[in-house]
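Contents: one structure, followed by commentary.
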């Protein structure tokens, strides 16, 4: 059985954590630094905006959780990922970074199960922990019910996991955001997961650095996505992803990943009958890059500031 | 045997610290698994055969209403067929207490998988069957089985589903299934009547086959009773009949010679 | 709040000199910034309704629900931090299930509210956790009839005939007080709930919103389910009409 909550001491973690001494001195340091007999080190917290932001167990007087909001900033440090869906397909597109000419490009997409895949932005190591958990959930569903896990429930499980990290001392919120695409008997889906512990279903969405520019593109065109074919959907995705590029950069077969769920497209060679999740990288995406149209008026649309212009609040 | 009469009728020193010597080195030990643990060795209150078959519109299941305590016909109004969600009906033979526990587990399962999320991802018969087989196999692997044989019948998305799972976690599928004594007595009759006709048998014909098999079982199975229920699961959904009475005739009994008290 | 910044407001395990726990008060602030949620307890059932603020037009309408089902006969909605709301929903489901495990009978609303209150209160005791940034409305019909409770971030809970939490709660409460709740049918309450949500939504300041409603009553066979689409649409239309006449 899943729940046995009254058979175990659910609050053991709370009580044990509250005995930790560090916390006491931390409060003392903040409150009355002069009381400390030892010369106090340069107060670390002075580099922060305020005293309510160094700990995820503290609400600000406005009822905000600054640590969670900073975690959302970590997502924006990652390169952008875009997701969109039609009635038949869901696709992910992501921009891969490379640390130098001799280095390979980063991994931005992870397969969870035949019917689910994700794109990530933020701390890759956090993404590996969470995606591993998602894989276990997916396998568990196949084991106990002989059924692919419903995509919405899979996303909810990691959202619930992330919520705990926003509430308990000694943890930090996850520093990674996901775009999750998947299909089940209710069709293809696209979800966004964020470190605040929320998940939302979207027609189209973007995360990561300069994702607001991609969002603006998507908002302008999303009404046509539902009836788009796979090629059009990918082209829209590439156009949106292009908006997140720095000036003088462009999408290439090296820095772009495409993830697809849904029936085989005309440019694809081998795809399972169910239209399982697949990641396209390198040569196979060239044909899609070539379908892109030149930007209308690059000068007219001024690129927005690199950071700090986006809604950084924990969704209420 | 304790040979000290003064100890007779008093708590054993091994279980009761009469002189409050704790924490001296000898103190009562609760019986622990070091002595060995005994799990279920046999079912206690039992239900007998469950029958099921495929027919044109779906699946039909049947079971009588008796729960026996050994050879005693202990409870005569027990329902052994149960709907699970919108697409599945299960029927259980074996230990009725374990079956009641299974019903509780499955009720919780429906709440957590269907009532709570309300997202349209409902459990079909194959999911319920897989879950049950995992549960029963896990229990037997812990040497603590739930002592049942369960038939899982269902209908979803135009597909009929009929499968078996038992206390060992054994599973199989067939177009006719029977548990317990019915596996010997009724299954051959069911196969003869159903196999090859799964797509043409009407509900009325299927019902007639079931009644015939139940009647034979009532004549032959000393743990059966002539009250039964029939359940159908089809595109129209699940339906379980009320308790029905078998028509039987015992006129032939007068002609039987050579048993019991008759003296010719 | 003159005590802000004095250091007595950094932990749930710290009282201020005048006996307040600021962290719990700050948690209430998170609730006050949220979209409004209301609950109506009427003759034969309850109705829950929320003003679901839509932060992007790219969101799939109707997905991302704010009202959830705890047990067959119990519905729940929260105002405040969304993720905390999901945590509370999960805990309420556990409580309902554990009660069923021990007693083999569904829990009453009072019991679920009581246990949720106890759970939430524990998060106001320790510096190692923060309080929940949500207020919770639980409603349902049990063997004692309809029940409606609100559990606050402090863990305190009260029963209500009509309850409102979130940004527009004051205006919503005023409207609820005008209703003769004990005489209304659940169907009538659906129309009132929709009207109130539309009334309290501040068009000028707020983003777009979606009306989300659920009910339990004679018409739903005692089950907590979303209000059916035709009734929902009718209630929404009437609410819009009422708003125009109001202005």
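The values are calculated or read from the model by the stated rules, or taken from the named source; none is laboratory data. This structure is a prediction, so every number in the text was calculated from the model and none was measured. Glycine gets a Cβ as well: all are built from the backbone with ideal geometry, and neighbour counts include every protein chain shown.
Quick notes on this structure:
- Boolean, residue A:276 is under 27 Å from residue A:176 (Cα atoms), under 17 Å from the mean Cα position of the chain (by Cα) and more than 14 Å from every other protein chain (Cβ to nearest Cβ): no
One line per residue, one yes/no per condition, for (1) out of contact with any strand residue (DSSP E or B) (no Cβ under 6 Å at 6 or more places or on another chain); (2) part of a strand (DSSP E or B); (3) farther than 26 Å from residue B:130 by Cα; (4) without any contact (Cβ under 8 Å) to a residue 12 or more places away in the chain:
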{"position": "B:177", "(1), (2), (3), (4)": "no, yes, no, no"}
{"position": "B:183", "(1), (2), (3), (4)": "yes, no, no, no"}
{"position": "B:187", "(1), (2), (3), (4)": "no, no, no, yes"}
{"position": "B:218", "(1), (2), (3), (4)": "yes, no, yes, no"}
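- Subset of the range C:14-41 (residues that are under 16 Å from the mean Cα position of the chain (by Cα) and assigned to a loop (DSSP other than H, G, I, E, B)): C:33, C:34, C:35, C:36
- In a residue-by-residue description of the range A:230-247, the property of being surrounded by fewer than 17 Cβ atoms within 10 Å (Cβ to Cβ), part of a loop (DSSP other than H, G, I, E, B) and either at pLDDT 95 or above or away from chain C (no Cβ under 11 Å) (or both) applies to at least one position.
- Residue list for the range B:62-97, restricted to those being in a strand (DSSP E or B) and either modelled with pLDDT under 95 or farther than 26 Å from residue B:129 by Cβ (or both): B:68, B:69, B:72, B:73, B:74, B:75
- Total residues in the range A:79-95, condition under 23 Å from residue A:262 (Cα atoms) and part of a loop (DSSP other than H, G, I, E, B): 5
- Those residues of the range C:66-125 which are within 19 Å of residue C:163 (Cβ to Cβ), facing another protein chain (nearest Cβ under 8 Å) and assigned to a helix (DSSP H, G or I), in sequence order: C:84
- Residue count, the range B:120-157 (criterion: within 28 Å of residue C:62 (Cα to Cα) and modelled with pLDDT of 95 or more): 7
- Selected residue (only one of A:316, A:299 is modelled with pLDDT under 95, surrounded by 19 or more Cβ atoms within 10 Å (Cβ to Cβ) and in a loop (DSSP other than H, G, I, E, B)): A:316
- Residue list for the range A:179-201, restricted to those being closer than 16 Å to residue B:119 by Cβ, under 15 Å from the mean Cα position of the chain (by Cα) and within 11 Å of another protein chain (Cβ to nearest Cβ): A:190, A:191, A:199, A:200, A:201
- Taken as a whole, the structure places residue B:172 among residues that are surrounded by fewer than 20 Cβ atoms within 10 Å (Cβ to Cβ), touching a strand residue (DSSP E or B) at 6+ places or on another chain (Cβ under 6 Å) and part of a strand (DSSP E or B).
- Put simply, of C:74, C:31, C:24, C:42 the only residue that is in contact (Cβ under 8 Å) with a residue 24 or more places away in the chain and farther than 20 Å from residue C:152 by Cα is C:42.
- Residue in the range B:115-124 that is within 13 Å of chain A (Cβ to nearest Cβ), assigned to a strand (DSSP E or B) and surrounded by 17 or more Cβ atoms within 10 Å (Cβ to Cβ) present: no
- For the range B:228-237, the candidate set comprises residues that are part of a strand (DSSP E or B) and more than 19 Å from the chain's Cα centre (by Cα); within that set, the residue that is nearest to residue B:202 (Cα to Cα) is B:234.
- In the range A:108-124, the residues that are in contact with a helix residue (DSSP H, G or I) (Cβ under 7 Å, 6 or more places away or on another chain) and at negative phi: A:110, A:112, A:113, A:116, A:118, A:120, A:121, A:123
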